[in-house]
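The values are calculated or read from the model by the stated rules, or taken from the named source; none is laboratory data. Note that this is a predicted model, so its numbers are computed, not measured. Every residue, glycine among them, receives a Cβ derived from its backbone with ideal geometry; neighbour counts consider all protein chains shown. Heavy atoms of the whole protein, side chains included, go into the accessibility calculation; ligands, DNA and RNA do not. Shrake-Rupley method; radii C 1.70, N 1.55, O 1.52, S 1.80 Å.
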Amino acid sequence: MTSQNNVLKGVFLVALGATTYGMLATFVKMAYSEGYTTAEVTTSQFIYGILGILLINLFQRIKNKNAAVKASPKNIFNLMLAGTSLGMTSLFYYLAVKYIPVSIGIVLLMQTVWMGVLLEMFLEKKLPSKQKVIAVFIVLFGTVLATNIINNDIELDWRGLVWGMLAAASFTTTMFTANRVATEISSAQRSLYMLLGGAIIVFSFAFATQATAFNLEIFLKWGIVLSLFGTIIPPLLMTAGFPLTGIGLGSIVSALELPVSVMMAYVLLNEKVIFSQWVGIVLIILAIIIMNVNFKLKK
């Protein structure tokens, strides 16, 4: 019974993390509508995110009386290097939703499903299972429906599509490295060093692109919200929930991010989402389930 309770607890934590992250792009779009730039949005998010994770690390250190395993210089370097893809994901994703609807941006980000299969095939040098191949084709078909590209009435800005695919590629890298680099140290420490690595990318982008004076009001209006929903709450809930659910069930539950993101955009931004797009979204979620469920028949 305790084991079942742990799984339920894990499902709740992952679901809450995915739901929180699903709301993020809508808030970014709302910040854009108030005239804030991508540089201002990402910089405020990462600064508050680093401060928040620093406080969590300090609290854990006091609570554990410094008993936790400390990161070595090699761990720190590898995590910061892995974190650069985290910074790129935020930048690319936010640039994407600047040019295309949030409901399309989140669908493009979900291309990590088939990108992950390709990366796994390349790294492990073996062909994917039939189950994964079927899932990839379902994702691609679902994407055609969910982005509504077959409808000639809708013109999607090619810049948004390119940034969206780049966001998916960097997110795939982040997911692979996050589960493989310095796993012996606490998730709070790992989050901190990955955020610091991501901050190097974000701050470099801000320095290179911010043509006008940096609007410090972003720290009062959107910075805290974006850091909570993007860099603090989701990673902490996911890293706490995934060990309880396992990767398979956790991946299925985290797919909640997709419908939540679309619903938020529909309710708060009045984005039009037609029936065929909802069918596409359901197909993408179905593909994620197919990839993570063991279909071996009991004899």
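A few remarks follow.
- Filter result for F242 (out of contact with any Asp or Glu (no Cβ under 8 Å at 6 or more places or on another chain) and modelled with pLDDT of 85 or more): no
- Test result for L81, of a type outside the set (S, T, N, Q), modelled with pLDDT of 90 or more, farther than 25 Å from V28 by Cα and out of contact with any Leu (no Cβ under 7 Å at 6 or more places or on another chain): yes
- Residue among I149, I106 that alone is over 19 Å from the mean Cα position of the chain (by Cα) and either closer than 24 Å to G230 by Cα or of a type in the set (A, V, I, L, M, F, W, C) (or both): I149
- Failed criterion for F122 (all others in (1) free of Cβ contacts under 8 Å to residues at least 12 places away in the same chain; (2) exposed (fewer than 13 other Cβ atoms within 10 Å of the Cβ); (3) part of a loop (DSSP other than H, G, I, E, B) hold): (3)
- Here T212 meets each of (1) in contact with a helix residue (DSSP H, G or I) (Cβ under 8 Å, 6 or more places away or on another chain); (2) open to solvent by 40 Å² or more (accessible area, probe 1.4 Å); (3) farther than 20 Å from L55 by Cβ with one exception, condition (1).
- Single residue of region 22-36 satisfying the filter (open to solvent by 40 Å² or more (accessible area, probe 1.4 Å) and either in contact with a helix residue (DSSP H, G or I) (Cβ under 6 Å, 6 or more places away or on another chain) or not acidic (D, E) (or both)) that is farthest from K98 (Cα to Cα): M23
- Residue under evaluation N151, criteria (1) closer than 30 Å to N78 by Cα; (2) at pLDDT below 85, criterion not met: (1)
- Among the residues of region 147-156, at least one is free of Cβ contacts under 8 Å to residues at least 24 places away in the same chain and touching a Leu at 6+ places or on another chain (Cβ under 9 Å).
- Among the candidates V113, V144, V162, the residue that is open to solvent by 10 Å² or more (accessible area, probe 1.4 Å), under 18 Å from the mean Cα position of the chain (by Cα) and modelled with pLDDT under 90 is uniquely V113.
- A Cβ distance below 7 Å, combined with a sequence gap of six or more or placement on separate chains, defines the contacts here; from region 246-274, residues that are within 23 Å of V28 (Cβ to Cβ) reach residues that are part of a loop (DSSP other than H, G, I, E, B) and modelled with pLDDT of 85 or more in the pairs L258/M110; V262/V273; A265/P101; A265/E271; Y266/V273; E271/P101.
- Candidate set: region 207-216, residues that are free of Cβ contacts under 8 Å to residues at least 12 places away in the same chain and in a loop (DSSP other than H, G, I, E, B); chosen: the one nearest to the chain's Cα centre (by Cα): L216
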